[in-house]
1. Taking the number of other C-beta atoms within 10 Å as the exposure measure, put 173, 202 in order starting with the fewest.
2. Would you mind calculating the gained length between residue 152 and residue 214 on full extension (0.36 nm times residue separation, minus the Cα-Cα distance), in nm to one decimal?
3. Please give the FRET efficiency for residue 181 paired with residue 8, using the beta carbon to beta carbon distance and R0 = 45 Å, rounded to the nearest 0.05.
4. Can you give the net charge of the other residues whose Cβ lies under 15 Å from the Cβ of residue 208, counting K and R as +1 and D and E as -1?
5. Given the convex hull of the Cα atoms of the chain, what is a quarter of its surface area in nm²?
6. Report the label-to-label distance for residue 48 and residue 199 in nanometres (one decimal), using points 7 Å from each Cα along the Cα→Cβ vector.
7. Report the semi-axes of the equivalent ellipsoid for segment 10-126 in whole Å, largest first, where each axis is √(5λ) for an eigenvalue λ of the Cα gyration tensor.
8. Could you compute the FRET efficiency for residue 117 and residue 91, with r as their C-beta to C-beta distance and R0 at 30 Å, rounded to 0.05?
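Read-outs: derived from the displayed coordinates by stated rules, not from any lab. Everything numeric here is computed off the predicted structure, so don't read it as measured data. We place every Cβ from the backbone using ideal geometry, glycine too, and count neighbours over all the protein chains shown.
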Amino acid sequence: MITVDQLTVRYGVATALDRVSLDVQPGEMVALIGPNGAGKSTLVDTLSGILRPAGGTVRVQGRLAHVPEGRQVFPDLSVDDNLRLGGWRIRNRDTGPIYEVLPALAALRRRRAGRLSGGEQQMVAVGRALMARPDVLAVDELSLGLAPLVVADLARHLSALNAERGLAVLLIEQNARLALELCSRGYVLEAGRIATAGTAAELAADPRVSAAYLGAGA
């Protein structure tokens, strides 16, 4: 669904991504982990067309939807209106199917998004992306600023979407443990370059990855 080949992205003279290559196949959940400032959000912003590459290629097969870092809901609009904005390019903007996937939102549909908790706003952001009927979902920092129980619930929904609908997912996460538990394989991005890649089990067993991202003794 996603093929990134030798991608280079710059901000002025500063290189944010340096010849990065990765792929996400249909029905896969793939993790992209790394420290803050490694270039993870730059990559997903380039996939979404927000940024233009200085070199290399990006190919997306099918429709991609982006769940941005920090949720970025429209605070003065209702939950339902936030969801509808996600489907602005499709004819049928019925939000009913989203409430079936994320039933906790149904009772909040008329509430202003700015008055929701962080976890509820993250559900809105995911639901808004799903309104585009994507083939692949790029999720930037699912767990950011959220309590563990809330993260676990969101992770369960994401896994169900992948298993039941075959939705491909690129999960960009600082929480490496979460990412490697959810995804079958992953990439480690450091200082704008892919430092290592492999199955989730291989990355979890790699002493360098374990020490840097999973904690001592992991």
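1. Details: 173 24, 202 14.
Fewest-to-most Cβ neighbours within 10 Å comes out as 202, 173.
2. Details: separation 62, 0.36 × 62 = 22.32 nm, distance 1.73 nm.
That works out to 20.6 nm of additional length.
3. Once rounded, the FRET efficiency stands at 0.90.
4. On the way: positive: 193; negative: 190, 202, 206.
Result for the neighbourhood of residue 208: -2.
5. Numbers: hull surface 47.5 nm².
If I average the Cα hull's projected area over directions, I get 11.9 nm².
6. 3.3
7. On the way: eigenvalues 189, 56, 37 Å².
Computed over segment 10-126, the values are 31, 17, 14 Å.
8. Numbers: r = 32 Å, r/R0 = 1.08.
For residue 117 and residue 91, the calculated efficiency is 0.40.
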